[in-house]
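See below for the structure under consideration.
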Amino acid sequence: MKTWLSFALLIPVCGMVLGLMGKGFLCNCVVTLSCALIAALTGRGEMMIPLIAAFIISVLGDWFMNHKSGNTMRYILAISLFFLAHIGFTVYAASRFSGSARIYICGVLLMLLLGWYMAGRVLPKIPEIPMKAAVAVYALVSLVSLVCAAALKGNGAFETLLYSFGIAMLVASDLMICENDFVHHTRCFGYIMPLYYLSHIFIAASAVAGMA
């Protein structure tokens, strides 16, 4: 089964290629839902539930983001759903958390770096106080998700590496959104979806790598 699921990862890879060719929301669904299905088929029990839920919630967020058409409420709903997806990814990793002094030190350093970046570059560009608070909380949860990913006690170092890499790319995609939407550094727009697609593929690959 592990071999078949490894080959099945070609499905989201193909979806990513088509998505980057401009085929739209349908390809987002193919990538993320196929990753959810692969995670479900690993047969690893209830531990996969937060991961599968995070993938499904991400698809809902994709729909609102792809159909916002200048509608602020749809944009807020999209970001809220992506926030919930981050919670799902965090719960999945936190349930298998194996901390160490190195992890905690890296976490503190990353928090200081992210705080410096957000306070110096992103938050000053956001005039509304509620939006500032929402972006700051989102960034904090993203950081916690990344730290938990690095501390994931996987079935071997390869699972942890794949999952950490996937979450790191998801956080990078979020930062590109910040640069594009708030700082108006529009050259970052082209990096958002490749990082987003790859994050889901690597997360699904980690679930397969962790199979017995």
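General remarks:
- Counted residues, region 34-70 - those being of a type outside the set (Gly, Ala, Ser), in contact (Cβ under 8 Å) with a residue 60 or more places away in the chain and under 21 Å from residue 170 (Cα atoms): 5
- Just so you know, in region 68-120 the residues that are more than 19 Å from the chain's Cα centre (by Cα) and outside any helix (DSSP H, G or I) include one that is surrounded by the most Cβ atoms within 10 Å (Cβ to Cβ), and it is 68.
- Residue 165 being assigned to a helix (DSSP H, G or I), in contact with a Gly (Cβ under 9 Å, 6 or more places away or on another chain), under 17 Å from residue 208 (Cβ atoms) and in contact (Cβ under 8 Å) with a residue 12 or more places away in the chain: no
- Annotation: of all residues in region 121-136 being in contact (Cβ under 8 Å) with a residue 24 or more places away in the chain and crowded, with 17+ Cβ neighbours inside 10 Å, the one that is farthest from the chain's Cα centre (by Cα) is 126.
- Test: residue in region 53-66 that is at pLDDT 95 or above, more than 12 Å from the chain's Cα centre (by Cα) and crowded, with 18+ Cβ neighbours inside 10 Å: yes
- So residue 20, is it closer than 17 Å to residue 196 by Cβ, in a helix (DSSP H, G or I) and either of a type in the set (D, E, K, R) or touching a Leu at 6+ places or on another chain (Cβ under 9 Å) (or both): no
- Residue count for region 1-17 under the criterion of being in a helix (DSSP H, G or I), at pLDDT 90 or above and over 30 Å from residue 69 (Cβ atoms): the result is 6.
The values are calculated or read from the model by the stated rules, or taken from the named source; none is laboratory data. Predicted model only: the values in this text are computed from it and were never measured. Because the Cβ atoms are built from the backbone with ideal geometry, glycine has one as well, and the counts that use them run over all protein chains shown.
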